[in-house]
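In what follows, a structure is listed as structure tokens, so that the remarks can point back to it.
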Amino acid sequence: MAKLKLDLHDICKNGSLIESELNRIIFEAVEKKIALVEIIPGKGSGQLKKTVLRFLNRTDIKKLYHRIEKDRDNFGRVFVHFKH
């Protein structure tokens, strides 16, 4: 099973760059028919994770993936599952 990984630690201060990277990884997964994307917003205060979840809940993005899974063991990870 192919998987893509996006670590947002390095770009956490730049809001427009975060959104462009999220767009890039989602569209790359759709284009290459990748089954799973792991997004790592980090454990911090949770603001970056909320931004990621808000992005994933947008109607134009929501129709591209199958489901979201929040890691129970590691608060700082979000898995996006695709069905192609």
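Note that the stretch 3-81, at 20 °C in a medium of 1.002 mPa s, gets a Stokes-Einstein diffusion coefficient of 171 µm²/s from its Kirkwood radius over C-alpha pairs.
The 3J(HN,Hα) values that the Karplus relation (6.51, -1.76, 1.60; θ = phi - 60°) gives for the stretch 22-29 are, in residue order, 5, 4, 4, 5, 5, 5, 5, 5 Hz. Gly and Pro appear as x.
Seen from Lys83, the other residues with C-beta closer than 14 Å to its C-beta sum to a net charge of +3, counting Lys and Arg as +1 and Asp and Glu as -1. Projecting label points 7 angstrom from Cα along Cα→Cβ for Asn23 and Asp10 puts them 2.0 nm apart. Ordering 43-54, 62-73 by mean Cβ neighbour count within 10 Å, with the highest value first, yields 43-54, 62-73.
Each reported figure results from applying straightforward, stated rules to the coordinates on display, with no laboratory input. Model, not experiment: these values are computed from the prediction. All Cβ positions, even for glycine, are placed from backbone atoms using ideal geometry, and neighbour counts span all protein chains on display.
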